[in-house]
Amino acid sequence: MNTPSSPREKDPSGQSSGSPRFLIRPVEQQDLSEIAGILAKSFHLQPEFMRWLIPVMRMGIYEDLRNRLKSAPPHYSCLVALDQDDLIGTVEVGLRSFNPWQPRTSQYAYLSNLAVRSECRRKGAAMQLLEACDRVVLSWGFEDIYLHVLENNQSAKHLYEKSGYRLQDTDAGLTTWLLGQPRRLFLHKRLASISKANILTNQ
C-alpha cells in the first residue's frame, strides 16, 4: 500500500504548509471498525426512520473494507485522518477503467469514500485527505484523478471545487428519471500543475 508524503512538510503545490492540524496515514487493521462507522453515518438516509439501518450498513462496510485490504492491488490506498489519537476521517483511492474490454490501457485514478465525522467537519481534515490522495496518485505515475458526487450534496461539491475538481460528465440513470433521485456528477482534476518532484521527495 502506498504511503503519502508527510502532510507536515509540504503541500502539493510545493509550498510549506507549517503544521497541519491532522495526521494523515495509511489505514491499519484496527481502524476498520471506526472507519465503517464513519462511512455508515455519512450516508443520507431518507426518511429519518431508516436510520435504524446504520448498524446493518456498518457491518457490510466493515466486511467490504476488510476484503479490499486483504486483496489490495499495488495501486490502491486507504488513508485515515487523525486528530491526536482520534480517527476522524477516511478516503480511498485506486484505479478504474474507462473501457472494461481494455482494463490495462484505459485505467484512471478514482477517489471514493471520503468521509469525516460530522462534529469534525469544516476544520480542514477532508482537504488534507484530498491533498494526500494527490500525492499518492502522482507517485503512481498518473496526472489525473476522478470522483463522483451527488448533485444535491452542496458541501461536498464546494469542497471538491476548492480542491481543483471540475465537472467532466453527468450520470443520469433510471433512478434519476423514475424515482427523482439526484444525478451523479463525474468530476475531474488535473494534477500536472503540481510539482511531481516536490511530491516524491517527501515520500
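Checking the structure you have, find out if any residue of the range 107-123 is under 23 Å from residue 187 (Cβ atoms), touching a Pro at 6+ places or on another chain (Cβ under 6 Å) and crowded, with 19+ Cβ neighbours inside 10 Å.
Looking through the range 107-123, none of the residues is under 23 Å from residue 187 (Cβ atoms), touching a Pro at 6+ places or on another chain (Cβ under 6 Å) and crowded, with 19+ Cβ neighbours inside 10 Å.
Given (1) farther than 25 Å from residue 27 by Cβ; (2) modelled with pLDDT of 95 or more; (3) in contact with a Lys or Arg (Cβ under 7 Å, 6 or more places away or on another chain), where does residue 144 come up short, assuming only one miss?
(1)
Look through the range 20-30, keep the residues that are open to solvent by 40 Å² or more (accessible area, probe 1.4 Å) and not aliphatic (A, V, I, L, M), and return whichever of them is modelled with the lowest pLDDT.
Filtering first and then ranking leaves 21.
Within the range 135-146, does at least one residue satisfy the condition of being assigned to a helix (DSSP H, G or I), open to solvent by 30 Å² or more (accessible area, probe 1.4 Å) and not basic (Lys, Arg)?
Yes, the range 135-146 contains at least one residue that is assigned to a helix (DSSP H, G or I), open to solvent by 30 Å² or more (accessible area, probe 1.4 Å) and not basic (Lys, Arg).
Any residue at all in the range 96-112 that is part of a strand (DSSP E or B) and over 23 Å from residue 145 (Cβ atoms)?
For the range 96-112, residues part of a strand (DSSP E or B) and over 23 Å from residue 145 (Cβ atoms): absent.
What do you reckon, is residue 157 within 25 Å of residue 23 (Cα to Cα), open to solvent by 50 Å² or more (accessible area, probe 1.4 Å) and at pLDDT 95 or above?
The answer is yes for residue 157.
Looking only at the range 89-111, which residues are within 23 Å of residue 36 (Cβ to Cβ) and of a type in the set (Gly, Ala, Ser)?
89, 94
Can you find, within the range 31-71, the residue that is least open to solvent (accessible area, probe 1.4 Å) among those that are modelled with pLDDT of 90 or more and among the hydroxyl-bearing types (Ser, Thr, Tyr)?
My answer is 33.
Can you name every residue in the range 164-203 that is at pLDDT 80 or above and part of a loop (DSSP other than H, G, I, E, B)?
Once the filter is applied, which keeps residues that are at pLDDT 80 or above and part of a loop (DSSP other than H, G, I, E, B), the range 164-203 yields 164, 165, 182, 183, 191.
How many residues does the range 72-101 hold that are open to solvent by 50 Å² or more (accessible area, probe 1.4 Å) and either in contact with a strand residue (DSSP E or B) (Cβ under 9 Å, 6 or more places away or on another chain) or more than 27 Å from residue 21 (Cα to Cα) (or both)?
Looking only at that region, the number is 8.
Could you give every pair whose Cβ atoms fall below 7 Å, whose first residue belongs to the range 136-157 and is in contact (Cβ under 8 Å) with a residue 60 or more places away in the chain, and whose second residue is part of a helix (DSSP H, G or I) and among the hydroxyl-bearing types (Ser, Thr, Tyr), counting only separations of at least 6 or pairs across chains?
none
The values are calculated or read from the model by the stated rules, or taken from the named source; none is laboratory data. The model shown is predicted, which means the values in this text are computed figures rather than measured ones. Neighbour counts are summed over all protein chains in view; Cβ atoms, including those assigned to glycine, are modelled from backbone coordinates with ideal geometry. Protein only, heavy atoms only, side chains kept; ligands, DNA and RNA dropped before computing areas. Shrake-Rupley method; radii C 1.70, N 1.55, O 1.52, S 1.80 Å.
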